[in-house]
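One structure below.
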């Protein structure tokens, strides 16, 4: 038997119907939180894409729909987010090596092993420094500019080493080789327009691949150093001797010049005296002859030894001083001072006084 319960009259149907619809959705709060997080992330990402800090040693390249410009002013900078692309690059010098690993120092044989002009093998290690001078070309002119620069450097190193002898590579030609490599590499980089400038190129090490050859080259280098030492010592000795020799030569020349002037003056004096005597002789020939005779005798006789003989000898005897002359009354012709000498001279002349 079914019973039907009559709904009370005081029940509001609208309220009863709305009781179920007023219940809260449990996912609404989660969705709201996710939305706030996404919005916050968007704002943060947008902020990071809008503001950037540029250091003093950095370039910033801003690209807007294919157009680029460079920012060099350090400090806080701004760009349009999502529409402008920004890339930084350092202004400082960078390095790379050919022939060895720059970080570990290990030799890379395929890069360092080369052949010289005189068909000798050498291992040559190069160290390079470069700077990025045009960041736009650096980023957009090529895909890997550093790799291009290194490959070009290896090519020019091999070409240059191949035109020099092994002695030049190991000893005296290093400066010329590295200068040529740097010049050729820089000219090629300017032609390729990569935005990179090579600032330094140095031969870090150069050696022969075997120990025996290295020892031989060491002996050659020692011999060259010994030769240079000997040359320097010889130059030092020459620098000491040459000034002394020049001084001695100068003294000899001055003495000869003085002697020359003295002889010339004496000759001129004698010529003048002769001319004056000749002028007197022209005017008074007899008186001049007598005067000249007396003057000559005054000069000659005091230093002569005089011997008086009987006239039978033809020997020319030295004349003694008049103050020592004594005449032998017997007529033998001997003097008191030089009698023995006169007799010896007479005997030598073959005169018999008996």
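Observations, loosely collected:
- Set 216, 238, 201, 206: member being modelled with pLDDT under 90 and under 19 Å from residue 97 (Cα atoms): 206
- All positions within region 123-133 that are at pLDDT below 90 and crowded, with 16+ Cβ neighbours inside 10 Å: 132
- Candidate set: region 163-179, residues that are touching a strand residue (DSSP E or B) at 6+ places or on another chain (Cβ under 7 Å) and closer than 16 Å to residue 98 by Cα; chosen: the one surrounded by the fewest Cβ atoms within 10 Å (Cβ to Cβ): 174
- Wholly enclosed strands (runs of 3 or more DSSP E) of region 107-210 bearing at least 2 residues closer than 17 Å to residue 93 by Cα: 121-132, 196-207
- Of the residues making up region 93-113, those that are surrounded by 20 or more Cβ atoms within 10 Å (Cβ to Cβ) and touching a residue at least 40 places away in the same chain (Cβ under 8 Å) are 98, 99, 100, 111.
- Search result, residues across region 105-120 that are in contact with a helix residue (DSSP H, G or I) (Cβ under 9 Å, 6 or more places away or on another chain) and farther than 10 Å from residue 162 by Cα: 111
- Any hit, region 80-92, residues being assigned to a loop (DSSP other than H, G, I, E, B), at pLDDT 80 or above and closer than 20 Å to residue 195 by Cα: yes
- Only one of 150, 218, 224, 182 that is surrounded by 14 or more Cβ atoms within 10 Å (Cβ to Cβ) and either outside the structural domain of residue 134 (by TED's automatic domain parsing) or within 23 Å of the chain's Cα centre (by Cα) (or both): 182
- Residue ID - modelled with the lowest pLDDT, chosen from residues in region 56-68 that are loosely packed, with under 12 Cβ neighbours inside 10 Å and closer than 14 Å to residue 88 by Cβ: 57
- Residue check: residue 135 meets all listed conditions (1) without any contact (Cβ under 8 Å) to a residue 24 or more places away in the chain; (2) over 28 Å from the mean Cα position of the chain (by Cα) but one, namely (1).
The values are calculated or read from the model by the stated rules, or taken from the named source; none is laboratory data. Being a predicted model, the structure only gives us computed values, none of them experimental. Note: ideal-geometry Cβ built from the backbone for every residue, glycine included; neighbour counts use all protein chains shown.
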